[in-house]
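What follows is a set of notes on a single structure, which appears directly below.
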Amino acid sequence: MRIFVTGATGWVGSAVVRELVEAGHQVTGLIRSAEQAAGLGTAGVRTLVGSLEDIGRLQEGASEADAVIHTAFNHDWSRFAENSAVERRAIETIGAILEGSDRPFLVASGVALLAPGRIATEQDLAPPVSERFPRASEAAVRELIARGVKATTIRLAPSVHSLGDHGFVPRLAAIAREKGVSAYVGDGLNRWPAVHRLDAARVYRLAIENVTAGPFHAIGEMGVALKDIAAAISHSLGLPLISLSAEAADAHFGWFAPFVALDAPADSRRTQAILGWTPQHRGLLADLADPGYFRVEPAGSSH
């Protein structure tokens, strides 16, 4: 199958590309610069240089493909609304090319705000697009489905982990280094779902090969307590472990405070049953016990 992947050098996208190539698929990856091509680490991948704002590139990649996987997103949180609008236009652009065909389209999403405080399932609907939650990937997919496009979403855990991680958990570690303590909020029993990066990549491959009605949950662990994550950081960095009040947490964590307080357990039993997928790689806390997990990279390095 010829598959067009946006965000092909990203944390999730690069793993998806390798998974697809190893399964025998022909991949074209959208990358931001020619220099990033070497970062794919996979021979035989065709590349298109462009961004989600390059409509012509998106149309070219989608037109030549038998299927499309969208993993790209600009995670500059200071421009979240603007980046969400760019992503929505990109999804609509690709969807317009695929409309009228049976070519599948997988779009990345998340589980964090699906059902705060209770276990989210694949049947839960994403929250409405709003000023508080401007990301519209699932809304755009629902609109495409209504137009007959064979589209669905892959919902990722807040922590997609493995060595080289530069997401939520390393952000917690960076704050711990800065403040001199590893902290959690209250009793620390609020939960983050987690999935190993390679397990998440396999969900994408199985879904693109066996597309049925989604969404699908790339969730390996239903929820890992923040206290346990903070304790792992404390142990690895040799820093005190402390509990903060909600009021103190705002000052300590800054803009990241709402994420630290997030309680968003999520289930993937339906996904596992439909796709025949079972998480195979080690869990989050086992990963965090690796001495190299929290290494500080040289200035100027990137993924």
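Could you check segment 84-107 and list, in sequence order, the residues that are at pLDDT below 95 and either within 15 Å of the chain's Cα centre (by Cα) or closer than 16 Å to TYR204 by Cβ (or both)?
Residues satisfying the conditions are SER84, GLU87.
For THR152, work out the one condition from (1) farther than 28 Å from TYR293 by Cβ; (2) crowded, with 18+ Cβ neighbours inside 10 Å; (3) free of Cβ contacts under 8 Å to residues at least 60 places away in the same chain; (4) not aliphatic (A, V, I, L, M) it doesn't fulfil.
For THR152, the failing item is (3).
Only residues in segment 285-301 that are at pLDDT below 90 count as the first member; pair them with residues that are part of a helix (DSSP H, G or I) and not β-branched (Val, Ile, Thr), Cβ under 6 angstrom, at least 6 apart or cross-chain, and list the lot.
Filtered contacts from segment 285-301: PHE294/ALA173; PHE294/SER236.
What number of residues in segment 166-187 are closer than 12 Å to ILE233 by Cβ and either buried (at least 18 other Cβ atoms within 10 Å of the Cβ) or in contact with a strand residue (DSSP E or B) (Cβ under 8 Å, 6 or more places away or on another chain) (or both)?
11
Can you work out which of the residues in segment 128-141 that are within 17 Å of the chain's Cα centre (by Cα) and part of a loop (DSSP other than H, G, I, E, B) is nearest to ARG88 (Cα to Cα)?
ALA136
Any residue at all in segment 193-212 that is more than 22 Å from GLY13 (Cβ to Cβ) and modelled with pLDDT of 95 or more? Before you say what the answer is, go through the steps one by one.
Narrowing segment 193-212 to residues more than 22 Å from GLY13 (Cβ to Cβ): 212.
Add one more test, that the residue is modelled with pLDDT of 95 or more, and what stays is none.
Looking through segment 193-212, none of the residues is more than 22 Å from GLY13 (Cβ to Cβ) and modelled with pLDDT of 95 or more.
Looking at GLY164 and the list (1) more than 30 Å from LYS150 (Cβ to Cβ); (2) of a type in the set (Gly, Ala, Ser); (3) within 22 Å of the chain's Cα centre (by Cα); (4) in a helix (DSSP H, G or I), which single condition is not satisfied?
Only one criterion in (1) more than 30 Å from LYS150 (Cβ to Cβ); (2) of a type in the set (Gly, Ala, Ser); (3) within 22 Å of the chain's Cα centre (by Cα); (4) in a helix (DSSP H, G or I) is unmet by GLY164, namely (4).
Any idea which of LEU125, LEU144, LEU106 is part of a helix (DSSP H, G or I), more than 30 Å from GLY254 (Cβ to Cβ) and not small (Gly, Ala, Ser)? Explain how you work it out, then say what you get.
Details: LEU125 fails: part of a helix (DSSP H, G or I); LEU106 fails: part of a helix (DSSP H, G or I).
Checking each option against the conditions leaves just LEU144.
Restricting segment 231-242 to residues that are among the small types (Gly, Ala, Ser) and out of contact with any helix residue (DSSP H, G or I) (no Cβ under 6 Å at 6 or more places or on another chain), which is surrounded by the fewest Cβ atoms within 10 Å (Cβ to Cβ)? Spell out how you get there, then give the answer.
Taking segment 231-242 first, the residues among the small types (Gly, Ala, Ser) are 231-232, 234, 236, 238.
Then drop every residue that is not out of contact with any helix residue (DSSP H, G or I) (no Cβ under 6 Å at 6 or more places or on another chain), which leaves 231, 234, 236, 238.
Working: ALA231: 17, SER234: 19, SER236: 19, GLY238: 7.
It comes out as GLY238.
Confirm whether THR121 is surrounded by fewer than 22 Cβ atoms within 10 Å (Cβ to Cβ), closer than 21 Å to ARG32 by Cβ and out of contact with any Pro (no Cβ under 9 Å at 6 or more places or on another chain). Even if it seems obvious, please write down each step before you answer.
Numbers: surrounded by fewer than 22 Cβ atoms within 10 Å (Cβ to Cβ): yes; closer than 21 Å to ARG32 by Cβ: no; out of contact with any Pro (no Cβ under 9 Å at 6 or more places or on another chain): yes.
For THR121, the condition - surrounded by fewer than 22 Cβ atoms within 10 Å (Cβ to Cβ), closer than 21 Å to ARG32 by Cβ and out of contact with any Pro (no Cβ under 9 Å at 6 or more places or on another chain) - is not met.
Checking GLU19 against (1) more than 30 Å from GLU221 (Cβ to Cβ); (2) in a helix (DSSP H, G or I), which test does it fail?
Failed condition: (1).
Taking segment 178-199, which residues are in a helix (DSSP H, G or I) and within 13 Å of the chain's Cα centre (by Cα)? Walk me through it before giving the result.
We begin by selecting, within segment 178-199, every residue in a helix (DSSP H, G or I); these are 178-179, 197-199.
Scanning segment 178-199 gives ARG197, LEU198, ASP199.
So is ARG46 at pLDDT below 95, within 19 Å of ILE94 (Cα to Cα) and surrounded by fewer than 21 Cβ atoms within 10 Å (Cβ to Cβ) or not?
Working: at pLDDT below 95: yes; within 19 Å of ILE94 (Cα to Cα): yes; surrounded by fewer than 21 Cβ atoms within 10 Å (Cβ to Cβ): yes.
The answer is yes for ARG46.
With respect to ARG171, determine if the residue is at pLDDT below 95, part of a helix (DSSP H, G or I) and either under 29 Å from SER78 (Cβ atoms) or not basic (Lys, Arg) (or both). Outline the logic, then answer.
Numbers: at pLDDT below 95: yes; part of a helix (DSSP H, G or I): yes; either under 29 Å from SER78 (Cβ atoms) or not basic (Lys, Arg) (or both): yes.
Against the criterion (at pLDDT below 95, part of a helix (DSSP H, G or I) and either under 29 Å from SER78 (Cβ atoms) or not basic (Lys, Arg) (or both)), ARG171 qualifies.
Which count do you get for residues in segment 233-289 that are aliphatic (A, V, I, L, M) and more than 30 Å from HIS217 (Cβ to Cβ)?
Number of matching residues: 7.
Which numbered condition in (1) under 25 Å from ALA183 (Cα atoms); (2) crowded, with 19+ Cβ neighbours inside 10 Å; (3) of a type in the set (S, T, N, Q) is the only one that SER245 fails?
(2)
Evaluate segment 72-82: report whether one residue or more is in a helix (DSSP H, G or I), in contact with an Asp or Glu (Cβ under 9 Å, 6 or more places away or on another chain) and not small (Gly, Ala, Ser). I'd like the intermediate steps shown before the answer.
Taking segment 72-82 first, the residues in a helix (DSSP H, G or I) are 77-82.
Add one more test, that the residue is in contact with an Asp or Glu (Cβ under 9 Å, 6 or more places away or on another chain), and what stays is 81-82.
Those still in the list that are not small (Gly, Ala, Ser) too: 82.
Checked segment 72-82: at least one residue is in a helix (DSSP H, G or I), in contact with an Asp or Glu (Cβ under 9 Å, 6 or more places away or on another chain) and not small (Gly, Ala, Ser).
Looking at ALA62, ALA38, which one is outside any loop (DSSP other than H, G, I, E, B), modelled with pLDDT of 90 or more and of a type in the set (Gly, Ala, Ser)?
Working: ALA38 fails: modelled with pLDDT of 90 or more.
Being outside any loop (DSSP other than H, G, I, E, B), modelled with pLDDT of 90 or more and of a type in the set (Gly, Ala, Ser) holds for just one of ALA62, ALA38, which is ALA62.
The values are calculated or read from the model by the stated rules, or taken from the named source; none is laboratory data. In this text the structure is predicted, and so the values were computed from the model without any measurement. Cβ: placed from backbone, ideal geometry, glycine included. Neighbour counts: every protein chain shown.
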